[in-house]
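The values are calculated or read from the model by the stated rules, or taken from the named source; none is laboratory data. Computed from a prediction, not measured in an experiment: that's the story for all the values here. No Cβ is skipped: glycine too gets one built from the backbone with ideal geometry, and neighbour counts run over all protein chains shown. Note: accessible area is taken over every heavy atom of the protein model, side chains too, but ligands, DNA and RNA are not part of it. Shrake-Rupley method; radii C 1.70, N 1.55, O 1.52, S 1.80 Å.
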Amino acid sequence: MSMIVAFVGLGNMGGPMAANLVRAGHRVRGHDLVAAAVDAAAVAGVEPSSSAPGAVTDADLVITMLPAGRHVLDLYDDILGAARPGTLFVDCSTIDVADARTAHERAVASGMRALDAPVSGGVVGAEAATLTFMAGGGEAEFAEALPLLEAMGKKAVHCGEAGAGQAAKICNNMILGVSMIAVSEAFVLGESLGLSHQALYDVASTASGQCWALSVNCPVPGPVPASPANRDYRPGFAASLMAKDLGLATNAVRSGEVHAELGLRAAELYAAYAKGAGATEDFSGIIRTIREKSGEKA
Ligand code: NAD
């Protein structure tokens with residue numbers, strides 16, 4: 001069924017996601033603070049809207065794809081009063097679990113309904129409509145959003161109530177950040193022991209060390225030809241986004257008083273790496289920092 005969708009935040013992710021909704025036959029009213037982002041989306045058939053409240057007035061559903069929680073909450077304050085009562089607000093941004101729950105509460109207090117539905121899959125997934133969505137909110141809200149999520153992605157998982165999508169996203173990325181550091185340290189240790197990259201890969205990728213950081217995004221060139229290590233660590237999944245997600249995980253770890261030493265340490269290491277050498281690199285490039293600190297030239 002064709003819907004009228006308001007889409008706010010037409011950046012690297014939101015632009016192609018909105019374009020995929022147009023491709024699936026929906027009318028999409030798009031808004032962004034940056035005119036060039038609106039212009040690019042218009043080429044793909046998104047109807048430009050000069051204000052966010054203007055975009056949502058007659059929308060069946062509102063999607064937001066913004067940088068951080070404060071942007072989502074500020075925007076919700078601007079637009080919740082402008083939509084039709086009962087409109088479903090789907091936030092696909094990656095934000096703090098606490099902010100996501102606040103966004104849900106504000107939506108409901110304004111007579112609206114809400115779903116948090118962050119994504120994994122990056123810009124490539126946004127363009128190819130192969131994103132994975134992790135959703136938090138009611139069953140009915142998830143069912144209503146599902147056809148749109150399926151037009152923008154290949155998989156959507158209903159993870160639980162308000163904030164559960166964001167919770168799943170940061171827990172998954174905490175595993176990923178810690179495991180990439182572990183895999184990188186193991187390769188550097190192997191180098192110092194005279195073990196070839198290929199030998200360690202051949203063993204660990206079929207043994208108990210197997211994980212995505214090793215077998216898909218392998219941090220050394222060679223064993224996995226498509227991994228960013230083979231193209232001088234061009235992303236891929238940018239280190240800055242890993243640092244952001246681990247920062248969100250840190251907030252949740254601290255507020256939940258969870259004992260997560262490796263998660264917190266990974267957040268520190270990625271924050272430092274993303275500020276320095278890793279500013280424009282894939283997150284697997286952290287192996288170079290580990291090698292440098294080890295005094296290795298390999
Ligand atoms: P981006 O910076 O390219 O896009 C965000 C857009 O939001 C910008 O165009 C900005 O102008 C716009 N914006 C900000 N405030 C606004 C407002 N009040 N009204 C209208 N527009 C506003 O970022 P992105 O890479 O598209 O990421 C968006 C979200 O998706 C982030 O939360 C990010 O963590 C998450 N994410 C990104 C990736 C990725 O690979 N880029 C992957 C997974 C998740």
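Summary value for the chain: 12 percent relative contact order, contacts being C-alpha pairs under 8 angstrom separated by 6+ residues. The three principal axes of the Cα atoms in the stretch 215-298 give end-to-end lengths of 41, 27, 23 Å, sorted in falling order.
When a 1.4 Å probe is rolled over the protein heavy atoms, the share of accessible surface on the stretch 77-138 that falls to carbon and sulfur comes to 53 percent.
For the stretch 142-160 and the stretch 243-298, what is the separation of their Cα centres, given in Å? For the stretch 142-160 versus the stretch 243-298, the Cα centre distance is 31 Å. Computed in the context of the full set of protein chains, the accessible area of the stretch 145-295 at 1.4 Å probe radius has 59% of its extent on carbon or sulfur.
Relative to the longest principal Cα axis of the chain, at what angle does helix 97-109 sit, 0 to 90 degrees, rounded to 10? Computed tilt is about 10 degrees. Computed with a 1.4 Å probe over protein heavy atoms only, the accessible surface of the chain comes to 45 Å² per residue.
Diffusion of the stretch 40-101 by Stokes-Einstein, at 20 °C in a medium of 1.002 mPa s and with Rh set to the Kirkwood radius over alpha-carbon pairs, works out to 172 µm²/s. Cα-based radius of gyration for the stretch 154-298, normalised by 2.2 N^0.38 Å, reads 1.07. Summarised in one figure, the compactness ratio Rg/Rh of the stretch 101-190, Cα atoms and Kirkwood Rh, is 1.12.
Taking the square roots of 5 times each eigenvalue of the Cα gyration tensor of the stretch 86-140, largest first, gives ellipsoid semi-axes of 23, 12, 8 Å.
So, how do all the Cα-to-Cα distances of the stretch 167-246 break down into 10 Å bins, in percent, from 0 on up? Histogram of Cα-Cα distances, whole percents per bin: 18, 51, 27, 4, 0. Size check on the chain: the Cα extents along the three principal axes, sorted descending, read 66, 43, 33 Å. Compared with the dominant principal axis of the Cα atoms in the chain, helix 69-79 is inclined by about 10°. Close amide H contacts of Phe7 (hydrogens built in the peptide plane, cut-off under 5 Å, sequence separation of 5 or more or a different chain): Arg29, Gly30, His31, Ile63. Assuming charge only on the beta carbon of Lys and Arg (+1) and of Asp and Glu (-1), the dipole of the stretch 144-193 about its Cα centre is about 80 debye to the nearest 20. The share of C-alpha pairs in the stretch 1-131 whose separation exceeds 26 Å stands at 13 percent. Across the stretch 16-90, C-alpha contacts under 8 Å between residues 6 or more apart give a mean separation that, scaled by the residue count, equals a relative contact order of 27 percent. Angle of helix 164-192 to the longest C-alpha principal axis of the chain, folded into 0 to 90 degrees and rounded to 10: 20°.
Over the stretch 1-71, what lengths in whole Å, largest first, do the semi-axes of the equivalent ellipsoid take, defined as the square roots of 5 times the eigenvalues of the alpha-carbon gyration tensor?
Ellipsoid half-lengths, sorted descending, are 16, 14, 11 Å.
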